[in-house]
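Below you'll find the structure, written out as structure tokens, and then a few comments.
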Amino acid sequence: MKYLVMVQGTQADYEAMRGRTSANSPGWSEEELQTMFAYMGAINDDLAETGELVDGQGLAEPAQTRHVTLGDDGKAVITDGPYSETEELLAGYWVLECESLERVTEIAARVAGCPQPAGAPDYPVVIRPIMDGSGDI
């Protein structure tokens, strides 16, 4: 079974990783940032070794996001981010092929344990099974 494992974040979190403190998050030091990258890199390496990693990527900050919707006239309405009405957005993901929900939950728990500065926001790691065609609906 394939699963999408997602981590969330906000524009303020990306700013914090640049060392900028906000009301919601302390600024990260270069050492804390490198520790986080090493931790996530080790997870990726382990998943590649077990053959469970299909794909995984970190995503650009919300300020580089674009929403495309349809207006009442049926024409595209384009809005550049970040979005004040949205608190959390997808910050990164893994597509994993695992033998069970229990196994992917173990991996998500490891991701949730990623080191970060004291006082940084704690977001859930979200697991979604990937459907294998329209018959899964």
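The values are calculated or read from the model by the stated rules, or taken from the named source; none is laboratory data. Please read these numbers as outputs of a predicted model, since none were measured by experiment. Reconstructed Cβ throughout: ideal geometry from the backbone, glycine too, with neighbour counts over all protein chains shown. Please note that ligands, DNA and RNA were not included when accessible areas were found on the heavy atoms of the full protein model with its side chains. Shrake-Rupley method; radii C 1.70, N 1.55, O 1.52, S 1.80 Å.
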* Does any residue of the stretch 8-26 turn out to be in contact with a strand residue (DSSP E or B) (Cβ under 7 Å, 6 or more places away or on another chain), over 24 Å from SER100 (Cβ atoms) and basic (Lys, Arg)? -> no
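Residues checked against (1) modelled with pLDDT under 95; (2) polar (S, T, N, Q); (3) under 22 Å from LEU4 (Cα atoms):
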position	(1), (2), (3)
GLY56	no, no, yes
ALA60	yes, no, yes
LEU70	no, no, no
VAL95	no, no, yes
LEU101	no, no, yes
ILE107	no, no, yes
GLY119	yes, no, no
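What number of residues within the stretch 72-93 are in contact with a Ser or Thr (Cβ under 9 Å, 6 or more places away or on another chain) and either modelled with pLDDT of 90 or more or of a type in the set (Phe, Trp, Tyr) (or both)?
Filtering the stretch 72-93 for residues in contact with a Ser or Thr (Cβ under 9 Å, 6 or more places away or on another chain) gives 76-83, 86-89, 91.
From what is left, the residues that are either modelled with pLDDT of 90 or more or of a type in the set (Phe, Trp, Tyr) (or both) are 76-78, 83, 91.
Qualifying residue count for the region: 5.
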* So, in the stretch 40-65, of the ones that are in contact with a Gly (Cβ under 8 Å, 6 or more places away or on another chain) and open to solvent by 60 Å² or more (accessible area, probe 1.4 Å), which residue ends up farthest from GLU88 (Cα to Cα)? -> GLN57
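Please specify each residue of the stretch 125-137 satisfying the condition of being open to solvent by 80 Å² or more (accessible area, probe 1.4 Å) and part of a loop (DSSP other than H, G, I, E, B).
Residues of the stretch 125-137 open to solvent by 80 Å² or more (accessible area, probe 1.4 Å): 128, 131-132, 134, 136-137.
Passing the criteria: MET131, ASP132, ILE137.
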